[in-house]
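Notes follow the structure.
The values are calculated or read from the model by the stated rules, or taken from the named source; none is laboratory data. Please read all numbers here as calculations on a predicted model, not as lab measurements. No Cβ is skipped: glycine too gets one built from the backbone with ideal geometry, and neighbour counts run over all protein chains shown. Just so you know, the surface numbers come from the protein's heavy atoms only, side chains and all, with ligands and any DNA or RNA stripped out. Shrake-Rupley method; radii C 1.70, N 1.55, O 1.52, S 1.80 Å.
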Amino acid sequence: MTGRSRKPLVAGNWKMHNNHFEAIALTQRLAFTLQERDFKAADIVVLPPFTALRSVQTLIEGDKLKLGYGAQDLSEHDDGPYTGDISGRMLAKLGCQYVLAGHSERRQYHHEDDAVVRAKVQAAVRAAITPILCVGEPLDVRQQGGQLGYTLGQLDRCLDGFPTAQVAEFIVAYEPVWAIGTGEVATPEDAQEVCAAIRKRISAVHGDEAGRGVRILYGGSVKPDNMPAIMAQPDIDGALVGGASLDAGDFVGICRYRGLSATT
Ligand code: 13P
């Protein structure tokens, strides 16, 4: 599989924004704007908060929209006395196709380490949901030039033991922590350096099929104007978008990074 034979994927991580009414409004705006050719050109996915998933599901299924959807987190357990947690099975029952695991905000505010994140990736696999594993270095590590070692260490620990065929279907999002919500976007070359290293490491550890198949996204202050240069990089297969995914026009602009005519 060459770089361009992996279908691009653009995912909007809404974080803790949009109650279910607002989520319906945003999904409807996306449904109204996105066209068949947009869905042919890329997998387009929204990741609402848990409380909005049912509403988004109802809209997407009812109107047969081609928009994918998923959740921002899941429990590492399938069921049991875990107050406040949501299992992969519950998400699968809501039709979720994707789930984030190990977003830096979960790592930072909920103290999720790589062992927990690995258990969450396993839980996603048990529920037949595609995990979007998030990795990426903080600012001090970047300033010391340690981004490759740091990010590949996270990757190794979170994917330890997963077989080739599974990893080939996974999605990895490289999100340098210093670029999230800061307006400070990594240069396309910086993002490519780490994404290429991620692919190489996955090939070496999990096999060539996994390295060729895994889709690698970049995340961190992605906007319509910087998306084309990011997507010109051979090892970047899409974007995980935070702030700009809350605006339908911006999100659609990001999805149309090749220009409207190129997707016809
Ligand atoms: P921003 O696009 O707001 O920088 O957020 C990136 C992110 O964390 C997506 O998961």
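Details
- Some residue of region 197-212 being basic (Lys, Arg), open to solvent by 60 Å² or more (accessible area, probe 1.4 Å) and under 23 Å from Val46 (Cβ atoms): no
- Within region 140-191, no residue satisfies the criterion of being open to solvent by less than 40 Å² (accessible area, probe 1.4 Å), modelled with pLDDT under 95 and away from the ligand (no atom under 16 Å from the Cβ).
- Qualifying residues in region 104-127 (those that are of a type in the set (Gly, Ala, Ser) and under 25 Å from Thr164 (Cα atoms)) - the one nearest to the ligand (Cβ to nearest atom): Ala124
- Within region 220-258, considering residues that are more than 12 Å from the ligand (Cβ to nearest atom) and among the basic types (Lys, Arg), the one surrounded by the most Cβ atoms within 10 Å (Cβ to Cβ): Arg256
- Of the residues making up region 75-91, those that are open to solvent by 40 Å² or more (accessible area, probe 1.4 Å), under 20 Å from Gln57 (Cβ atoms) and not β-branched (Val, Ile, Thr) are Asp85, Arg89, Met90.
- Residue within region 66-86 that is within 16 Å of the ligand (Cβ to nearest atom) and touching a Gly at 6+ places or on another chain (Cβ under 7 Å) present: yes
- Condition check for Val45: within 15 Å of the ligand (Cβ to nearest atom) and either within 15 Å of Lys64 (Cα to Cα) or among the small types (Gly, Ala, Ser) (or both): yes
- Conditions (1) in a helix (DSSP H, G or I); (2) surrounded by 18 or more Cβ atoms within 10 Å (Cβ to Cβ): number failed by Glu137: (1)
- Condition check for Ala127: open to solvent by 50 Å² or more (accessible area, probe 1.4 Å) and within 30 Å of Gly95 (Cα to Cα): no
- Qualifying residue in region 12-25 (condition: within 30 Å of Ser203 (Cα to Cα) and in contact (Cβ under 8 Å) with a residue 12 or more places away in the chain): yes
- Helices (runs of 4 or more DSSP H) wholly inside region 174-264 that include at least 1 residues being of a type in the set (S, T, N, Q): 188-206
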